[in-house]
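Step one of this worksheet: look at the structure below.
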Amino acid sequence: GEGIVLGVRLELEEEGRSTAAVLLLDGPSAPRIEEAQTRLKLVANAPSINQISAERIRDELVRIFLSPNRVRGWDLLDASGLMQAFLPELDAVSHRPYHTGFFFGPAEQSYEGAEYLQTHDWVATVLSCEPTEKGTARVDISQRNRFFEGDELEVLSPGFPVRRVQVRNLSTAFGQLCEVANRACEKYSFESSIPLLPHDLLRRKREDIAIKG
């Protein structure tokens, strides 16, 4: 059968070239995690999976969870540290406490509480972005939730890993500097160290992750 793999960017020095360590869940076409060197490199470099685009991670996870060996795949993801590297993304969106359902057999549910949980708020959508003479970028956004001058925002952009920008020189649509973007759906702009793309989503980490249901 075809090998089902989840890649992590790392350098395999013994091969003298950049490649990817893999988890093999089905088939003989890739190195096995049981090989000591591969396993050690995979564990050490697990956090670097966040350098890979969310779309690639999603596609590989779907293949793993549809595999006949999906329980073994889940165990390997956990043992390698890969689970801890990408699992926080599931906590970023609004949800009730997760449970395994029928994944491992008889259904199990979580009855920890009725609150919705999320670690991040969607605060804005990028409308446009133009370079400045200072080598930075001026980003025009449509506000969705409150954020402040100096906040660190995370950027969700197709084909990119999660990136971070700090809000500098926040201003209203009329060019007036302000300390807070607090009017829903109004236009604001700020200076960014990296260029952004129209329709990029900007999110901000919450201090309180619980939302009353």
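Nothing in this text is a laboratory measurement; each read-out follows from the coordinates by a stated rule. Please read all numbers here as calculations on a predicted model, not as lab measurements. Ideal geometry is used to build each Cβ from the backbone, glycine not excepted, and the neighbour counts take in all protein chains shown.
Here is the list for segment 128-213: GluC sites (Glu not before Pro) lying in DSSP coil, each with at most 16 other C-beta atoms within 10 angstrom of its C-beta, are GLU133, GLU149, GLU179, GLU186, GLU207.
Near TYR98, no amide H atom lies under 5 Å from its own; only residues 5 or more places off or on other chains count, and H is placed 1.01 Å from N. Segment 60-213 gives an Rg/Rh value of 1.08, both radii derived from C-alpha positions and Rh following Kirkwood. Please find the FRET efficiency linking ALA44 to ARG164, where r is the Cβ-Cβ separation and R0 is fixed at 30 Å, and quote it to the nearest 0.05. The value I calculate is 0.80. Note on THR172/THR132: beta-carbon distance plugged into 1/(1 + (r/R0)^6) with R0 of 25 Å gives a FRET efficiency of 0.90.
Sparse packing (at most 15 other Cβ atoms within 10 Å of the Cβ) combined with a DSSP loop state is found for the following chymotrypsin sites (Phe, Trp or Tyr not before Pro) in segment 114-213: PHE174. Potential lengthening of the chain between CYS185 and SER53 amounts to 44.7 nm, from the contour at 0.36 nm per residue minus the alpha-carbon distance.
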